[in-house]
Amino acid sequence: MKDKVYIFDTTLRDGEQVPGCQLNTVEKIEVARMLESLGVDVIEAGFPVSSPGDFSSVVEISKAVANPTICALTRAVEKDIEVAAAALEFAKQGRIHTGIGTSDFHIKYKFNSTPEEIIERAVKAVKFARNLIGEVEFYAEDAGRTDNKYLARVVEAVIAAGATVINIPDTTGYTLPHEYGAKIKYLAEHVPNIHKAILSTHCHNDLGMATANTISGVLSGARQVEVTINGIGERAGNTALEEVVMILKSHKKQGLYTDVNSKKIITASRLVSTLMRMPVQPNKAIVGRNAFAHSSGIHQDGFLKKRETYEIINPKDVGLNQSSIILTARSGRAALKHRLESIGVKLTKSELDETYLRFLELADRKKEINDDDLMVLVARDRSVDKSIRLVGLQVFCGKNLQATATVTLCYNGQELTEAGLGNGPVDASLNAVRSIVKQKIHLEDFVIQTITRGSSDIGKVHMSIDYKGILYYGFGANTDIVQASVEAFLDAAGKALKA
Ligand code: KIV
Ligand code: ZN
């Protein structure tokens, strides 16, 4: 008998805690629909009491998504739980995720409390939540550094109070894989009522061990994993969904499986990267652009003789190199709509009209448009901030020439033009933008990636800027990388100037 491992995706809650990478509700719905088509079991949609935006995102995701359970986070505080239950009103299947810190650090310094009082607060919160909703998950924050004997008492008490999923977070990413596995095993063997609940892993990547810890937890009895697409999350991030899914798929002998359709992994990865403006590192396992690239001669030779010599995963299993219909400038709206729907993107009529115009613009320059190009196109169309828009760009640069740029922006409803000088075309263009908006905006980080490697490819630009001490992320995509860079800068600047 094979055992199912439930996939609890927290891209939209823990993942979204990356500073400067917040999504708006439309973008969150886009990600939630993608997660649904990927086949995740639970979507943690937000922390409703934290802001009106988070509240309405949970409401809208509950309406937009039918199959996965929708989960909302709370502290062990009645007000949080009431607000979460209200946000989940439209969920076909809702879950409240409540909890409290259980390590000495949390008990003494965060709560100035005692171990007994923490158990009382945990039980009270779970009972309160159970009266408002059918399913309650409990998290023992900093469980990684919590004494196992005490943790077992907390877990037994909250299961008796009605929790049916128990999350054991390694909040600080400190625990070693064998210790994390031993913790899960200890709970499975020492909590008398554990058969009434599922143990869940929730690992952070501060020491690069999130996936190893998660797998160790699963091999020791956990049957739910809390993960994010591309492993995004604050600090070094969370466990990456794609890594856990492909590990279980590659190691079938362990007798474990997930319901994720792995062929959609690359599309999901690119959507999240684009919407959150977070580039994926090229050597990232499974989804990095070099993950399946063989460059050394010896490897190439072995690979060409038999793929499995150097490749443990068939790239097609994660959705790479699948033959797909190529669209061109002659393709009509219906073909575009059909192709978008087949990759899980549904647009309203007016959104389709707008996207079609941008599609034609791109097809004129790029000739053949594939699914990756479409993902970039629609993600950008939906997230673009209309308050500041590039209208014209002209650059003059070359060897031994001072780069100059003339930029026209539509800014707050007015068309404004300025020129700028710089040490290259991007620098000159950004200086021209700075002259128009008349603000000190510092460029922190600047990454250019292409999708398929050809010189006619779309260049994707991820930027982060510092404005008044706060980081904002921006994304741009264009076959002209100077234009993509200006658009990424404007994307970030638009958010900064509005904030
Ligand atoms: O890392 C953590 O402890 C968490 C909990 C709030 C679940 O994200
Ligand atoms: Zn976390």
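Residues in segment 204-236 that are touching a His at 6+ places or on another chain (Cβ under 8 Å) and more than 14 Å from ligand 1 (Cβ to nearest atom): 216 only. Selection of strands (runs of 3 or more DSSP E) fully inside segment 408-499 by the criterion of at least 1 residues being closer than 24 Å to residue 378 by Cβ returns 442-450, 459-467, 470-478.
Taking the options 258, 239, name whichever one is in the same structural domain as residue 24 (by TED's automatic domain parsing), under 17 Å from the mean Cα position of the chain (by Cα), polar (S, T, N, Q) and under 23 Å from residue 202 (Cα atoms). Answer to the selection: 239. In a loop (DSSP other than H, G, I, E, B), assigned by TED's automatic domain parsing to the domain that holds residue 162 and of a type in the set (Lys, Arg) - does that describe any residue in segment 71-90? Yes, segment 71-90 contains at least one residue that is in a loop (DSSP other than H, G, I, E, B), assigned by TED's automatic domain parsing to the domain that holds residue 162 and of a type in the set (Lys, Arg).
Residues of segment 6-30 that are hydrophobic (A, V, I, L, M, F, W, C) and touching an Asp or Glu at 6+ places or on another chain (Cβ under 9 Å): 7, 8, 12, 18, 23, 26, 29. In segment 275-293, the residues that are without any contact (Cβ under 8 Å) to a residue 24 or more places away in the chain form Cβ pairs under 6 Å with partners that are open to solvent by less than 50 Å² (accessible area, probe 1.4 Å), at six or more places apart or across chains, as follows: 281/288; 288/280. For segment 294-314, the set of residues classified as modelled with pLDDT of 75 or more and surrounded by fewer than 15 Cβ atoms within 10 Å (Cβ to Cβ) consists of 312, 314, listed by residue number.
One residue stands out in segment 13-39 among those that are assigned to a loop (DSSP other than H, G, I, E, B) and within 16 Å of ligand 2 (Cβ to nearest atom): the one that is farthest from residue 263 (Cα to Cα), namely 19. Within segment 184-233, can you find the residues that are within 12 Å of ligand 2 (Cβ to nearest atom), free of Cβ contacts under 8 Å to residues at least 40 places away in the same chain and closer than 16 Å to residue 158 by Cβ? The answer is none; no residue qualifies.
Against the criterion of being in a helix (DSSP H, G or I), touching a residue at least 40 places away in the same chain (Cβ under 8 Å), away from ligand 2 (no atom under 16 Å from the Cβ) and surrounded by fewer than 22 Cβ atoms within 10 Å (Cβ to Cβ), residue 49 does not qualify.
Criterion first (over 21 Å from residue 15 (Cβ atoms), free of Cβ contacts under 8 Å to residues at least 60 places away in the same chain, assigned to a loop (DSSP other than H, G, I, E, B) and not small (Gly, Ala, Ser)) does residue 117 satisfy it? Taking the combined requirement at face value, the residue does not satisfy it.
Exactly one residue among 106, 178 is in the same structural domain as residue 75 (by TED's automatic domain parsing), within 16 Å of ligand 2 (Cβ to nearest atom) and either in a helix (DSSP H, G or I) or modelled with pLDDT under 95 (or both), and that residue is 106. Looking only at residues in segment 457-481 that are among the β-branched types (Val, Ile, Thr) and buried (at least 23 other Cβ atoms within 10 Å of the Cβ), which one is nearest to residue 53 (Cα to Cα)? Result: 465. Among the residues making up segment 1-13, those that are surrounded by fewer than 24 Cβ atoms within 10 Å (Cβ to Cβ) and not aliphatic (A, V, I, L, M) are 2, 3, 4, 6.
The values are calculated or read from the model by the stated rules, or taken from the named source; none is laboratory data. Since the model is a prediction, treat every value here as computed from it, not as a measurement. In this analysis, Cβ positions are derived from the backbone assuming ideal geometry, glycine residues included, and neighbour counts consider all displayed protein chains. Side chains included, ligands, DNA and RNA excluded: accessible areas come from the protein's heavy atoms. Shrake-Rupley method; radii C 1.70, N 1.55, O 1.52, S 1.80 Å.
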